[in-house]
1. Given points 7 Å out from each Cα along the Cα-Cβ axis, report the residue 51 to residue 9 separation in nanometres with one decimal.
2. Let me check against my output: what whole-number percent is the relative contact order of region 114-170, with C-alpha pairs under 8 Å and at least 6 apart?
3. Taking the Cα centre as origin and putting +1 on Lys and Arg beta-carbons and -1 on Asp and Glu beta-carbons, what dipole magnitude results for region 6-101, to the nearest 20 debye?
4. Please give the calculated 222 nm ellipticity per residue for the chain, where each DSSP H segment of at least 4 residues contributes -39500 (n - 2.57) and the sum is spread over every residue; nearest 500 deg cm²/dmol?
5. I'd like the projected area of the chain, averaged over all directions, using the convex hull of its alpha carbons. Report it in nm² with one decimal.
6. Which whole-number percentage describes the relative contact order of region 1-98, with Cα contacts under 8 Å and a sequence gap of 6 or more?
7. Along the Cα→Cβ direction, 7 angstrom out, place labels at residue 123 and residue 30. What is the inter-label distance in nm?
8. In percent, what relative contact order does the chain have, based on Cα pairs under 8 Å that are 6 or more apart in sequence?
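Every number here is computed from the coordinates shown, using simple stated rules; none is lab data. Only a predicted model underlies this, so the values are computations on that prediction, with no experimental measurement involved. Positions of Cβ are generated from backbone atoms using ideal geometry, with glycine treated the same way; all protein chains shown enter the neighbour counts.
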Amino acid sequence: MLVEEYNLDVETIPCEPGAAKFAATVRLNVDISPVLPYLNRTLRGAIYTSAPSLGWKKDKRNIAFWPFKISIGDLADRAEAERVAREIVDLVNSTWERREQIEPSYETRRRPTGLELYKFLPRTNCKACGEATCFVFANKLAVGQARLVDCTALEEPQYTEQRAKLAELLDVDLPTGVQRANS
Ligand code: SF4
């Protein structure tokens, strides 16, 4: 087992519309850098950097893996922080235990910008997603505050190719529009 014990810090963050109420830091007494290339291979949508670090989005929640800590955002309360932290630590440990069956990936990737995403949206500013403009929606998509499926206009047949391209850029499954682990 790679991570045998950890400490959990939970803190409130300033409340803004749509902002998370709590964020947590899982403090580790072991360097988890060696598992990051294996997570990079198995977690869909993961973004690996040579720092090393690994960013991943699960259930609209940003998770960042660092050598001695894991940051978790968008938590409702301490109980949820404890549950999610346990799940993430279990994921690290199970991935480490399976490492001989996984080819590590050192491929680095960056998130698409709002402008890159905007080019493939319908750009009608129809507001069906709840945003005032497609550009606002694109910027929220880029930082994970909106989901591709929230743009219902993309379900129209003329946008099939654009929708597929957006799904590719965001590395999400259709029709759910959410990132999922491959494993
Ligand atoms: S639903 Fe889609 S097309 Fe309509 S404003 Fe939102 S992003 Fe633009």
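1. In this crude spin-label approximation the distance works out to 1.5 nm.
2. So the answer I get is 36 percent.
3. For region 6-101, the charge dipole is close to 280 debye.
4. Counting only the DSSP helices, I get -8500 deg cm²/dmol.
5. 10.9
6. This gives 31 percent for region 1-98.
7. 5.1
8. Averaging sequence separation for qualifying contacts and normalising by length gives 22 percent for the chain.
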